[in-house]
1. Would you please list the contacts, defined by Cβ atoms under 9 Å and residues six or more apart or on different chains, that run from a residue in the range 134-149 that is under 17 Å from Glu196 (Cα atoms) to a residue that is surrounded by 13 or more Cβ atoms within 10 Å (Cβ to Cβ) and of a type in the set (Asp, Glu)?
2. Return yes when Arg65 is closer than 25 Å to Glu202 by Cβ, under 19 Å from the mean Cα position of the chain (by Cα) and among the basic types (Lys, Arg) and no when it is not.
3. Could you check the range 123-157 and list, in sequence order, the residues that are open to solvent by less than 20 Å² (accessible area, probe 1.4 Å), in contact with a Gly (Cβ under 8 Å, 6 or more places away or on another chain) and closer than 29 Å to Glu19 by Cβ?
4. Going through the range 74-97 one residue at a time, which ones are buried (at least 19 other Cβ atoms within 10 Å of the Cβ) and not in a helix (DSSP H, G or I)?
5. Is at least one residue of the range 26-42 at pLDDT below 95, open to solvent by 40 Å² or more (accessible area, probe 1.4 Å) and farther than 23 Å from Arg137 by Cα?
6. Restricting the range 99-122 to residues that are in a loop (DSSP other than H, G, I, E, B) and among the charged types (D, E, K, R), which is surrounded by the fewest Cβ atoms within 10 Å (Cβ to Cβ)?
7. Criterion first (modelled with pLDDT of 95 or more, crowded, with 21+ Cβ neighbours inside 10 Å and closer than 21 Å to Gly140 by Cα) does Ala60 satisfy it?
Amino acid sequence: MTQSPRRYRSGMTATSPNETLRLAVLLSGGGRTLNNIAESIQRGELNAEIAVVISSRPDAYGLVRAQNLQLPTQTVPRAAYKDDNEFSDVVWQNIHAASAQLIVLAGFLSLLVIPKDYRDKVINIHPALLPSFGGHRMYGRRVHEAVLDSGCKISGCTVHFADASYDTGPIIMQCTCPVLEDDTPETLAGRVFALECKAYPEAINLIASNRVAVEGRRTRVVTRPSV
């Protein structure tokens, strides 16, 4: 039996091109991705608003960036909770309170347990071409070191829906760049982050216009938004 595609569509999402999509941005670190999304909104390139910024670490510099942008913030320290379920419950309470429609992971280093009604409503960006170089503890410099150690000639970034594990959800889009002979983890990271700055807002725009259809483990970008 052929599985019917599930479009990114529900009462939680924007229903017309003129409706602003409410985002919850979740982070654990410096907040560069948060800053990129906020700047894309300010430039009019992204029809969205950041309803809340939630950090899993009280000392995350991303909270300072959020406050400088005059965005609402909440801190849910992962260390204060006994397991992923208890931690995630509190995170979702804050998401619900902000009436967020799409959850954007922006360097969020804790596993988020996703309820069934938020399936395909949580997205993440990874600084490599999944399914390679992903998984638990694969973030930041570690990813770029692994790419260089492997001898890969191409790297890039991946935007994907989050699921019950690390970096395994359906891929929405990928962008690539060359790995140069004299690259260091830092120079490669800079080239990949430049791709991330374009890819993440573009993926959010596709979702906001209901143009992403999920078919099992794969996604498809449809020409026209779903009705």
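1. Gly134/Asp167; Met138/Asp167; His144/Asp183; Val147/Asp183
2. Working: closer than 25 Å to Glu202 by Cβ: yes; under 19 Å from the mean Cα position of the chain (by Cα): yes; among the basic types (Lys, Arg): yes.
Spelling it out, Arg65 is indeed closer than 25 Å to Glu202 by Cβ, under 19 Å from the mean Cα position of the chain (by Cα) and among the basic types (Lys, Arg).
3. His126
4. Those that are buried (at least 19 other Cβ atoms within 10 Å of the Cβ) and not in a helix (DSSP H, G or I): Gln74, Val76.
5. So in the range 26-42, the residues at pLDDT below 95 come out as none.
No: zero hits.
6. Restricting to residues being in a loop (DSSP other than H, G, I, E, B) and among the charged types (D, E, K, R), the top hit is Arg119.
7. Numbers: modelled with pLDDT of 95 or more: yes; crowded, with 21+ Cβ neighbours inside 10 Å: yes; closer than 21 Å to Gly140 by Cα: yes.
Considered against the rule, which asks whether it is modelled with pLDDT of 95 or more, crowded, with 21+ Cβ neighbours inside 10 Å and closer than 21 Å to Gly140 by Cα, Ala60 comes out as yes.
The values are calculated or read from the model by the stated rules, or taken from the named source; none is laboratory data. Worth saying up front: this structure is predicted, and the values here are computed from it rather than measured. With ideal geometry, Cβ positions are generated from the backbone for all residues, glycine too; neighbour counts draw on all protein chains shown. For the accessible areas, the whole protein counts, side chains as well, though only heavy atoms, and no ligand, DNA or RNA atoms are used. Shrake-Rupley method; radii C 1.70, N 1.55, O 1.52, S 1.80 Å.
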